[in-house]
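See structure below.
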Amino acid sequence: EAISWHLAALLSEDNNAVIKRVMFNELTKEAVKNAFEHPRGIDQNLVNAQQARRVLDRIVGYELSPLLWRKVGRGLSAGRVQSVALRLIVERERDIRNFKPEEYWSLHAKLSSTRPSEAEKIFQAKLDRIGKKKAELKNEADTLKIKSALEKETFKVISVQKKERNRKPQAPYTTSKLQQEAYNRLGFSAARTMKIAQMLYEGIELGEEGSVGLITYMRTDSVNIAEVARKEAAQFVKEHFGKDHLPKVPNFYRSKKGAQEAHEAVRPTSVFREPEKIKSFLSEEQYKLYDLVWRKFVASQMAGAVDLVTSIEILAGSEYFFKASGTRNLFPGFLAVFEDASKAAKKKEENSDDEEEGEQEFPELEQNELLKLHELIPAQHFTKPPARYNDASLVKILEEEGIGRPSTYAPIIYTLVSRDYVERKGGALIPTELAETVIELLVQHFPYVLNVQFTALMEEELDKIEEGELDWGKVLHDFYQPFEEHLKEAKEKMKNVRQEPVPANEDCEKCGKPMMIKWGRFGKFVACSGFPECRSTKPISTGVACPKENCGGYLVKRKGKGGRKFFGCSKYPNCDYIANQLPTQKVAGEESEEKPPEADEVDADV
C-alpha cells in the first residue's frame with residue numbers, strides 16, 4: 001500500500017492523472033484481469049501503519065546499533081523485533097543451562113487374554129494409579145518393589161470403553177504455518193521456504209501453458225479462501241475421492257485477530273494442477289513445497305477423519321490400576337491427502353516424556369475378564385530440559401506472542417545468524433557469547449523495548465492504526481519520549497565491554513611477540529600484541545580436534561567470501577579439512593565433502 005502511495009504522489013504531479021489501486025493475490029490471467037475490473041483508492045490507514053512501523057524500526061535500529069558499536073563492537077545491530085527474538089533464544093539457552101534433570105520411572109505390563117482364540121494378541125498397559133493416588137515412581141528401588149508385588153497378583157479387566165473421535169482438517173497455510181511445516185517435514189529453513197515460495201508465486205514455465213503463478217501470495221496471516229477456489233476444491237475431491245470425502249457443510253476457518261483479511265491463505269492457484277502432473281517442470285525443492293501447499297489446501301476442504309479410540313482399565317490385585325489405549329482409523333477423510341504428523345514427531349517437538357500406546361491392536365476383551373501376564377517392564381527416565389529453538393519453533397513462538405508480521409519471520413532468523421548472534425547446530429539456534437552479552441546490556445537499559453508483551457502491544461497498536469482507530473503520530477510520540485530518556489541514560493551508564501586484551505600464553509608465529517585475547521564483532525579472537533605493525537590474528541579453538549588422521553590440529557570457526565561461515569583446521573594450508581558444522585564425533589579420516597576455500601578466502605573470524 002505504501003509503494004502505491006509513493007507512486008501516486010509522483011504521478012499526481014500531473015493534475016489530470018486518475019490514480020487507482022488494484023489488488024490481486026495470485027499471478028494468473030483471471031486474477032489480474034478481475035483486479036483491473038475492480039480498482040479502488042489507496043487506503044491511507046494502511047499507509048499510516050506502514051510508515052509508523054518503518055519509523056519505529058528506524059528509531060530503535062538507528063539509535064541502539066551505534067550504541068552497541070561504542071560499548072561492545074563495530075558492526076553490531078539491534079532491532080525492535082529482532083532483539084526480542086534474540087532475547088527469547090538467549091533466555092531459552094539459560095533455561096537449558098540451569099535445568100536440573102529429575103529421575104522418574106515407568107512400569108508397563110505385557111498382557112493377553114486367557115481365551116485361546118485371543119491369546120496371541122499381546123498388548124501393553126502402563127501403571128497409572130496405586131489406590132486413589134497417581135503412580136509416581138521416583139527411583140529404581142520403589143519400582144522394583146512394586147514389580148515384585150505385581151508378579152504375584154491377578155490381572156483383571158475392569159472397564160473397556162470404545163469411542164469414535166472425529167478429527168477435523170486444519171486450515172490452509174498462513175506464512176508462519178508454512179514455514180513451520182516446511183521445516184518440520186522438509187527440513188527447509190524459513191528463508192529457504194520463502195525463497196522457493198516466491199518462485200512458485202511469481203511463475204513457473206509449464207510448457208505450452210507458459211509462465212504460471214502456482215500459488216497465491218505467500219506473505220499472509222489470513223486463512224480466508226476465495227469462493228471460486230473452494231468450489232474448485234470441492235469438485236476435485238468429489239471426482240477423485242467420492243462425495244463421502246466432502247464435509248456436509250463447507251469448511252470455513254477463522255483468522256487470528258489482526259489478520260489482513262484482504263489476503264487469502266497460501267493455496268494453489270488451481271487445484272487441478274496436481275503436483276505429479278507438473279513435476280517435470282519443477283526443481284526438487286519447488287516440487288516438495290508445492291506438493292505441501294497443494295495437499296494442505298485440498299485437505300482443508302475435505303471431511304474429517306474418524307478414529308476408534310479404545311481405552312482399557314485393568315486392576316492388578318486390589319490397588320494397582322493399569323491403563324491401555326489405542327487408536328484405529330475407521331474413515332480417512334482428509335488423511336487420504338494429507339497425513340498428520342506422527343505422534344512420535346509431536347512428542348519430539350514438544351519434548352514430552354509421556355508414554356503413548358499408539359495404534360495397539362487389542363484382543364476382544366470383556367469386563368471382569370482375567371488376563372495373562374507375560375512380562376513387567378520397568379524403565380528409567382529423566383525429565384528433559386526445554387528444547388532449543390529451531391526455525392519452526394521460533395516462528396511459532398513469535399506468532400503466538402504477537403511479535404512481528406508474516407513478512408518478517410524469515411528475515412529475523414537470517415539476520416540473527418548472519419550477524420553471528422546465533423549459530424545453527426543440528427537445526428537448533430544457539431546464541432553466541434556475543435548474543436548473551438548484547439541481550440544482557442539491552443535488557444538492563446531498555447527493559448520495555450526488549451519486553452515480549454510490550455512488543456506485542458506495539459503490534460496491536462499498529463493494527464489499530466491500520467483500522468483507523470489510532471493516530472500514527474501519537475503512537476510514535478508516546479514511544480519516543482521514554483525511549484529517548486533511556487537512550488540518554490544508557491550512553492552514560494551502559495557498561496563498556498570492549499574488554500582490555502589479556503595474554504593468550506603463546507607467541508606470534510610471524511614476529512615472536514606475545515599474542516593477546518581480544519574482543520571483536522564476532523566475539524573473542526587471538527591477535528598479535530605488535531598491532532598495527534604486525535596484523536597476525538587467528539580464531540580461538542572450538543575445542544574439537546581435527547578429524548583428519550594424523551593431523552594434530554584443532555577446528556576453528558572461519559568466515560569466507562560472502563560471509564559464509566564454516567569450520568576449518570588450525571593447520572591450514574597444510575590441512576584442508578572444512579565442514580559446515582562441528583563434527584559430533586572425532587572420527588579419524590572423516591573429511592568434509594566440500595571443496596576447501598581458496599587461500600585468499602580463509603580469514604580469521606575477527
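Coordinate-derived values only; no laboratory data. Since the structure is predicted, the reported quantities are computational estimates derived from the model, not experimental observations. Backbone-built Cβ (ideal geometry, glycine too); neighbour counts: all protein chains shown.
Annotation: lysines with alpha-carbon distance below 30 angstrom to LYS491 (same-chain offsets under eight excluded): LYS71, LYS474, LYS518, LYS524. Per-residue extension of 0.36 nm, minus the Cα-Cα distance of LEU457 and LYS571, leaves a gain of 35.9 nm for this segment.
When +1 charges are put on Lys and Arg Cβ atoms and -1 charges on Asp and Glu Cβ atoms, the dipole computed for the chain relative to its Cα centre reaches about 780 debye. Kirkwood analysis of the Cα pair distances in segment 420-487 returns a hydrodynamic radius of 14.3 Å.
Semi-axes of the equivalent ellipsoid of the chain are 47, 40, 26 Å, computed as sqrt(5λ) over the eigenvalues of the C-alpha gyration tensor in descending order. Modelled this way, with points 7 Å down the Cα-to-C-beta line, the labels at GLU151 and GLN367 are 3.4 nm from one another.
Would you mind checking the pairs LYS296/LYS396; LYS257/LYS493; LYS256/LYS296 and listing those with alpha carbons more than 29 angstrom apart? It would help to have the intermediate numbers written out before the result.
Values: LYS296/LYS396 18 Å; LYS257/LYS493 40 Å; LYS256/LYS296 19 Å.
Distance filter (> 29 Å) returns LYS257/LYS493.
Extension gain, SER280 to GLN44: 0.36 nm times the residue separation minus the Cα-Cα distance gives 80.5 nm. Across the chain, Cα pairs under 8 Å and at least six residues apart give a relative contact order of 18 percent.
For ALA303, what charge total do you get from the other residues with a beta carbon under 13 Å from its beta carbon, if Lys and Arg give +1 and Asp and Glu give -1? Show your work: numbers first, answer last.
Values: positive: ARG167, LYS168, LYS238, LYS243, LYS248; negative: ASP244.
Summing Lys/Arg as +1 and Asp/Glu as -1 gives +4.
Between LYS110 and ARG129, the simple spin-label model (points 7 angstrom out along Cα→Cβ) gives 2.8 nm.
Averaging over all projection directions, the Cα-based convex hull of segment 168-209 occupies 4.2 nm² in the image plane. Projected label points at ARG97 and ILE377, each 7 Å from Cα along the beta carbon direction, are separated by 3.9 nanometres. Stokes-Einstein diffusion for segment 157-232, with the hydrodynamic radius set to the Kirkwood value over Cα pairs and evaluated at 10 °C in a medium of 1.306 mPa s, equals 103 µm²/s. Taking 19 Å as the cut-off, no amide N atom of segment 158-173 comes nearer than this to a point 7 Å along the Cα-to-beta-carbon line of GLN235. What pairs from LYS132/LYS168; LYS195/LYS243; LYS323/LYS372; LYS33/LYS279 go past 26 Å between their alpha carbons? Pairs exceeding 26 Å: LYS132/LYS168; LYS195/LYS243; LYS33/LYS279.
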